[in-house]
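Below is one structure, written out as structure tokens; comments come after it.
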Amino acid sequence: MNKYEAMFIIKPNLSEEERKNLFSQLVEVVTKNNGLVSSGSVWAERKKFFFIIKKNQEGLYYLMNFSISPLAVKDLNHAYGMNEFILRVLITKVE
């Protein structure tokens, strides 16, 4: 298993309950793919974009660190891409 870091840009207009549900869904996707989440937290609240992303001018940034098999990263990207509340996701390998 390799260590990865994922940065999510999430729609900013979610309620507190919707945010908690979304954050638990992010962790659940990793654990369903036999991964282990070491940390996850809000990195920045309501940062303004330089350009519009899916009709949004700002977003909430969420950072998550986890370990998972390299073959499962493709499945993670697919699952996160299907979520309507996630505007963008970037998963990078931590050396």
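In table form, for the structure just shown:
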quantity: In the range 1-71, lysine pairs with alpha-carbon atoms under 20 angstrom apart (chain gap of 8 or more, or interchain); calculated: 9
quantity: Between helix 16-32 and the chain: long-axis angle, C-alpha atoms, 0 to 90°, nearest 10; calculated: 20
quantity: Listed candidates (i) 94; (ii) 125; (iii) 83 - label of the one calculated as volume of the Cα convex hull per residue in Å³; calculated: (i)
quantity: Charge tally in the Cβ shell below 14 Å around Ala6, where Lys, Arg are +1 and Asp, Glu are -1, Ala6 excluded; calculated: +1
quantity: Formal net charge of residues neighbouring Phe51 (Cβ-Cβ distance under 15 Å; K, R +1; D, E -1); calculated: +4
quantity: Dipole magnitude (debye, nearest 20) for the chain, charges at Cβ of Lys, Arg, Asp, Glu; calculated: 280
quantity: For Gly81, net neighbour charge (Lys/Arg +1, Asp/Glu -1) across residues whose Cβ lies under 13 Å away; calculated: +1
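Read-outs: derived from the displayed coordinates by stated rules, not from any lab. What you see is a predicted model, and the numbers here were worked out from it, not measured in a lab. So basically every Cβ, Gly included, is an ideal-geometry build from the backbone, and we count neighbours across all protein chains shown.
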